[in-house]
Amino acid sequence: MTELFKLYTYTPWDGLKPDQIVEVKLLSLKSLLKSYPVIEKKFFVDLMKKLKLNENYSWFETIRRIVGPNEEDYRISSWRFIWALDMDNRMYQFLIQKTGEDNKLSKATMVALAPPELGRLISDYGSEAIQKTLNLLNNPSKLKFLIYLSPKGKSIAEEANYIPVDKRGLEKLSHFQNLMNQPNVKGNWFPTFELRCPNCNNVITGVKDFRIDFSKFTCPFCGYKRE
């Protein structure tokens, strides 16, 4: 069965529109090689130098979501995406996950790739094909462009489940919860404003003025009088 990862990102190749997110589907390396290949630290050390010194290399913070083959969402902080095009118009797309605390220069795991032709090449030739491809990606003279994408903030999925509540907000929430757990006589947690007899507690109906003078009052139910 084909296992796919899905990358959601803004589009630096289309004017970096902040309101447009595209989905990129990539084939899991585990479905091709039974494991995820490791990319050593030296590759990223060299790549960071190329990104600073070459005009055909660029770096953008645009990744907004990563979804796995089983529709699981990942925290995006450790994920990177490389997209390159060589002089023969062959495309290379790699989804990688950094493994160290220093995300810029740590080694990483190659998790998924596209297009399918690249997948077949790596499936046939294994680590040899991966090594040659990585060497190509660090050779500016053989590439029309290389785009390196990193995360932008929290993922869309994380933001959807994140509701900031400060200390005062938590205190208010606790107070409201206590009110809900303490119903009044009628079983409602909001208090009522009905007029009642001070003696028998019956509701006095037909009274519209909430400023009734109880200094002179006769209850129609129990006959209670206040003079």
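Trypsin sites (Lys or Arg not before Pro), restricted to the range 65-164: which are DSSP loop and have at most 12 other Cβ atoms within 10 Å?
Working: sites: 65, 75, 80, 90, 98, 104, 107, 120, 132, 142, 144, 152, 154; in loops: 75, 90, 104, 107, 152, 154.
Hits after loop and neighbour filter: 75, 104.
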statement: If amide H atoms are modeled at 1.01 Å from N in the peptide plane, then the residues at a separation of 5 or more from residue 112, or on another chain, having amide H under 5 Å from its own are 29, 95
message: Could you give each residue of the range 39-49 its phi-based ³J(HN,Hα) in whole Hz, using Karplus coefficients 6.51, -1.76, 1.60 with θ = phi - 60°, and x for Gly or Pro?
response: 9, 6, 4, 4, 4, 6, 4, 5, 5, 4, 5
- prompt: Amide H neighbours of residue 59 under 5 Å, counting only residues 5+ apart in sequence or on other chains, H built in-plane at 1.01 Å?
  reply: 148
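Stokes-Einstein D for the range 4-160 at 20 °C, 1.002 mPa s, Kirkwood Rh over Cα pairs, in µm²/s? Intermediate results must be reported in sequence, preceding the final value.
Details: Rh = 15.8 Å.
Reported coefficient: 136 µm²/s.
Since every read-out is calculated from the coordinates, none of them should be taken as a lab result. Keep in mind that what you see is a predicted model, and the values were worked out from it rather than measured. Because the Cβ atoms are built from the backbone with ideal geometry, glycine has one as well, and the counts that use them run over all protein chains shown.
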